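Q: Handing you this structure, nothing more for now.
The values are calculated or read from the model by the stated rules, or taken from the named source; none is laboratory data. Here the structure is a predicted model, which means the values were calculated and not measured. Reconstructed Cβ throughout: ideal geometry from the backbone, glycine too, with neighbour counts over all protein chains shown. Surface accessibility is based on the protein's heavy atoms, side chains included, excluding ligands, DNA and RNA. Shrake-Rupley method; radii C 1.70, N 1.55, O 1.52, S 1.80 Å.
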2 protein chains.
Amino acid sequence: MFQSAAAAGNAYRDEHLLFDHGNTSAYVDLREIILTKKEHELLALLVENAGEIVPRDILLERIWGYGKDIRTRTLDVHIRRLRKKLFPYGDTYIETIFGVGYRFQRFREPRNYMTFMPELVAV
Amino acid sequence: MFQSAAAAGNAYRDEHLLFDHGNTSAYVDLREIILTKKEHELLALLVENAGEIVPRDILLERIWGYGKDIRTRTLDVHIRRLRKKLFPYGDTYIETIFGVGYRFQRFREPRNYMTFMPELVAV
DNA sequence: GCAGAATGTAAAAAAAATGTAAATTCGCGA
DNA sequence: TCGCGAATTTACATTTTTTTTACATTCTGC
């Protein structure tokens, strides 16, 4: 549960994002983004658990070594900067689970009427 | 990963730089520059991995034989002198990846409207 | 809808890494 | 051994990242 850098060497790839665990740079569409160490660790941990909620506790403990007693906003600030670098998909990729933590979601092509329910279009 | 002098004998060449692995002098446009031994090794290692980030660790280990525990500014000083000799392209060729290392980037002609989108010019 | 708790955000402060000039040391050829 | 250029260290300056602070905003249960 909550895989760590074990999955290193492997890269995550989808429609808009290319992320390599061993590399501090990533690609959003054709744009290279350079992640700082903490940003990279954070995104790595989230991506490794794509589709699953990773609680704040875990993030703070794994990346910062903080215990449950520590009160800080540093996680939120880092999430924010990550989302910014993932523009314009920041909120699409990184979802906030209120009261729990965050979840990285694989990109899925947004449905439109045409592809979703073709019979409703061009009637 | 992180090729060494194996690729010797071959020369690197682009719009502004000619660098021969077997030669301690290089050319920046039509100007000859003379590299010292360490400068040459450093540039060679970076050029061999053009486009890829080479971590400080690796540079310090491959060129100086230093371990991760050694604290020194000598790498930075060499980078600085290299950049100076590559004037006015020093910062263009040698990029700093904060917290990680350096990256040599092939020279790319800056785009202008003419070359990028010719159909938008001279309307 | 409200109160209280959790998260978002901008800006300042602190910490860490890199840049730089100048001094010092090293090493090799004469 | 001496002299000289190369390499390294030193001592700050500067830049970048990370954390904190101080509020603003959003969410949830009642």
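Q: Output the number of residues of the stretch B:56-88 satisfying the condition of being within 14 Å of another protein chain (Cβ to nearest Cβ) and touching a helix residue (DSSP H, G or I) at 6+ places or on another chain (Cβ under 7 Å).
A: 1
Q: Among the numbered conditions (1) over 19 Å from B:V100 (Cβ atoms); (2) surrounded by fewer than 17 Cβ atoms within 10 Å (Cβ to Cβ); (3) away from DNA strand C (no atom under 16 Å from the Cβ), tell me where A:F98 comes up short.
A: For A:F98, the exception is condition (3).
Q: Considering each residue of the stretch A:22-41, count those that are more than 14 Å from chain B (Cβ to nearest Cβ) and open to solvent by less than 60 Å² (accessible area, probe 1.4 Å), and give that number.
A: Within the stretch A:22-41, residues that are more than 14 Å from chain B (Cβ to nearest Cβ) and open to solvent by less than 60 Å² (accessible area, probe 1.4 Å) number 1.
Q: Select from the stretch B:77-95 the residues that are within 15 Å of DNA strand D (Cβ to nearest atom) and open to solvent by 30 Å² or more (accessible area, probe 1.4 Å) and list them in ascending order.
A: B:V77, B:R80, B:R81, B:R83, B:K84, B:K85, B:D91, B:T92, B:E95
Q: Given the structure, is A:D91 on the phi > 0 side of the Ramachandran plot and away from chain B (no Cβ under 14 Å)?
A: Working: on the phi > 0 side of the Ramachandran plot: no; away from chain B (no Cβ under 14 Å): yes.
No, not satisfied.
Q: Let me ask you something else. Which condition number does B:T74 fail, the rest of (1) open to solvent by 60 Å² or more (accessible area, probe 1.4 Å); (2) more than 22 Å from A:S25 (Cβ to Cβ); (3) at pLDDT 95 or above being met?
A: (1)
Q: Considering the stretch B:58-85 alone, what residues qualify as being within 13 Å of the chain's Cα centre (by Cα) and within 12 Å of DNA strand C (Cβ to nearest atom)? Steps first, answer last, please.
A: Step one: of the stretch B:58-85, the residues within 13 Å of the chain's Cα centre (by Cα) are B:59, B:78-85.
If the condition is that a residue be within 13 Å of the chain's Cα centre (by Cα) and within 12 Å of DNA strand C (Cβ to nearest atom), then B:L59, B:H78, B:I79, B:R80, B:R81, B:L82, B:R83, B:K84 are the ones that fit.
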